[in-house]
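See below for the structure under consideration.
The values are calculated or read from the model by the stated rules, or taken from the named source; none is laboratory data. These numbers were taken from a predicted model, which means no experiment stands behind them. Because the Cβ atoms are built from the backbone with ideal geometry, glycine has one as well, and the counts that use them run over all protein chains shown. In case anyone asks, the SASA skips ligands and DNA or RNA and just uses the protein heavy atoms, side chains included. Shrake-Rupley method; radii C 1.70, N 1.55, O 1.52, S 1.80 Å.
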Amino acid sequence: MTLEQLKYPIGTFINPSEITPQQLKTWTKEIAELPAKISNLTKDLSEEQLDWQYRPEGWTIKQVIHHLADSHMNSIIRFKIALTEDDPAIRGYDETAWSDLDDYLCDIHQSLILLEGLHYRWVKLIENFSKDELQKTFYHPERKQKFTLKTAIGMYAWHSNHHLAHIEQAIKFKGKF
């Protein structure tokens, strides 16, 4: 596999030209299922196995899980800001720098608990969006792009599956590249 394939095992996010109600249901289901899928994949892994990387110079399984908790916490906050403000600019963060902080060395179970509660609340929020709320936007200054909440749901469903594939890849290759 090439480095690009290892980085993006499911490919990059492609925003469909039309986002149907069925597509939104599929994406919402994928977001809802992520915590259980990660728990099932990692429940029998040792601390040594949690340190397996998904690609050369990539994050470990443990770092991926902590990153998902951080990223998805930021996401639900972005969604709520977009719902309560008019076309706000959101704040980015340096995810690589965050992955070097001491809390990324912690046991994954706290991040799994966080993901479970966070995704539960996030999905409840998404499932109750009106058509107008799905069209609400936020501006991402680092990407210099405006996103609708409808598109953001798809991006985070992709993000969930993207990192799930990273964990599966690390397990498949036993972190050896």
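Test of understanding: among THR151, THR96, which residue is open to solvent by 30 Å² or more (accessible area, probe 1.4 Å), in a helix (DSSP H, G or I) and of a type in the set (S, T, N, Q)?
Details: THR151 fails: open to solvent by 30 Å² or more (accessible area, probe 1.4 Å).
It is THR96.
Whenever a residue of the stretch 154-166 is open to solvent by 10 Å² or more (accessible area, probe 1.4 Å), its partners that are in a helix (DSSP H, G or I) and of a type in the set (Asp, Glu), lying with C-beta atoms within less than 7 angstrom and at least six residues away or across chains, give the pairs ASN161/GLU30. Might you check whether a residue that is part of a helix (DSSP H, G or I), touching an Asp or Glu at 6+ places or on another chain (Cβ under 8 Å), open to solvent by 40 Å² or more (accessible area, probe 1.4 Å) and among the aliphatic types (A, V, I, L, M) occurs anywhere in the stretch 68-80? The answer is no; no qualifying residue exists.
All told, GLN22 falls short of being within 14 Å of GLN169 (Cβ to Cβ) and without any contact (Cβ under 8 Å) to a residue 40 or more places away in the chain. The residues of the stretch 123-148 that are assigned to a helix (DSSP H, G or I) and open to solvent by less than 20 Å² (accessible area, probe 1.4 Å), listed by number, are VAL123, ILE126. Summed over the stretch 1-53, the residues that are crowded, with 16+ Cβ neighbours inside 10 Å and either of a type in the set (Val, Ile, Thr) or on the phi > 0 side of the Ramachandran plot (or both) give a count of 5. Within the stretch 128-144, being more than 18 Å from the chain's Cα centre (by Cα) and modelled with pLDDT of 95 or more holds for ASN128, PHE129, SER130, LYS131, ASP132, GLU133, LEU134, GLN135, LYS136, THR137, TYR139. Is it the case that some residue within the stretch 132-139 is closer than 21 Å to ILE38 by Cβ and in contact (Cβ under 8 Å) with a residue 24 or more places away in the chain? No: the stretch 132-139 contains no residue that is closer than 21 Å to ILE38 by Cβ and in contact (Cβ under 8 Å) with a residue 24 or more places away in the chain.
Among the residues making up the stretch 10-35, none is farther than 16 Å from TYR156 by Cα and under 16 Å from the mean Cα position of the chain (by Cα).
With respect to ILE108, is the statement that it is open to solvent by 20 Å² or more (accessible area, probe 1.4 Å), closer than 16 Å to HIS66 by Cα and of a type in the set (Val, Ile, Thr) true?
no
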